[in-house]
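Shown next, in structure tokens, is the structure this report addresses.
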Amino acid sequence: MNPRVLVVDDEPLARERLATFVAAIAPDAELREAPNGEEAVEAIRAWEPSVVFLDIQMPGLGGFEVLDAIGTDKMPPTVFVTAYDQHAIRAFDVSAVDYLLKPFDEARFKAAWDRASKAHTIRTVARESDRLARLLLQVGAGSAPAAVGSGDGGKRWADRVVVKKNQRTILVKLADVQWIESSGNYVLLHAGKEIHEVRETLTSIESRLDPRQFVRIHRRTIVAVDAMKELQPWFGGDQVMILKDNTQLRVSRSYREQVAQRLAGMA
């Protein structure tokens, strides 16, 4: 898809100069111009440009006012353009990808273009990753086996977890997970030699786990029943769970009885 470039400046010659640079470096780009902030806001909302070159000082809405109207989180990658360098710090405070100080040459424009293009690519990948993650979650929910037993209302349990890592989306099968631990605002899924990090609370992920397959042994730890091997006594009335791969995990007193029942196949 060809990039969409919006050039915003109240000076016709300044818009023409930017348009010339854009045409030289990206001849297939779709280019639109806006002579003021009001038209810039309309174009950004309706056209959704890939990159915006935005003059800071304009009659009516200036560049920063345009950003305020759109919102920093919804603003496309933006290169601020101005003849006054005192705006530079504020430009970067509002997450501008670059700042062009008039007059600038083609080399300086190319550097700004490269930064803006990279920012657009990263945002596109992130959006696609989020979309794929949502789709995968829907697929996972639709194909997960239903829990059997009284009182569950036929609830369907998750059989996989979607993990986002370095702009990749990975499906981790819960059948491959031996234990799960809380780590701040994340949970860590231990699947063999691999550890997957998910931004979620332990309580949240526990609500989607089949209780026949997983049991909580500590306020910070959940273990797969099939991964359990034996219990051993520990200090203060606590116990240690030994997994089949010899991992040792603490079992707190408040969970000791239900863990013992699960080991014995009684729950």
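Read-outs: derived from the displayed coordinates by stated rules, not from any lab. From a predicted model like this one, the values you see are computed outputs, not experimental measurements. Using ideal geometry, Cβ is built from the backbone for each residue, glycine included, and neighbour counts are taken over all protein chains shown.
For the reader, a short list of remarks on this structure follows.
- Label-point separation in nm, ASP28 to LEU13, each point 7 Å along Cα→Cβ: 3.4
- Given their separation in residues at 0.36 nm each and the Cα-Cα distance between them, LEU263 and GLN57 gain 67.1 nm when the chain is fully extended.
- With a Förster radius of 22 Å applied to the beta-carbon distance between ARG219 and GLU194, the computed FRET efficiency rounds to 0.35.
- Ordered by the number of other Cβ atoms lying within 10 Å of each residue's own Cβ, fewest first, TYR186, TYR84 fall into the sequence TYR84, TYR186.
- Per-residue ³J(HN,Hα) for the stretch 59-72, Karplus 6.51 cos²θ - 1.76 cosθ + 1.60, θ = phi - 60°, Hz, x for Gly and Pro: x, x, 7, x, x, 5, 5, 4, 4, 4, 5, 7, x, 4
- Taken along the Cα-to-beta-carbon direction at a fixed 7 Å, the label points for TYR186 and THR72 span 2.4 nm.
- Extension gain, ARG253-ALA83: 0.36 nm per intervening residue step, less the Cα-Cα distance, totals 54.4 nm.
- FRET efficiency, TRP47 to LYS165 (Cβ-Cβ, R0 41 Å, nearest 0.05): 0.80
- Remark: the stretch 46-56, residue by residue, has Karplus-estimated 3J(HN,Hα) of 8, 9, 6, x, 6, 9, 10, 9, 10, 5, 7 Hz, where x stands for each Gly or Pro and the curve is 6.51 cos²θ - 1.76 cosθ + 1.60 at θ = phi - 60°.
- Shape summary: the stretch 147-263 maps onto an equivalent ellipsoid whose semi-axes, from the alpha-carbon gyration tensor, are 23, 18, 13 Å in decreasing order.
- Ranked list, fewest to most other Cβ atoms within 10 Å of each Cβ, for ILE56, ILE170, ILE195: ILE195, ILE170, ILE56
- One chain, two ends: VAL240 and THR20. Fully extended at 0.36 nm per residue, the span grows by 72.2 nm beyond their Cα-Cα distance.
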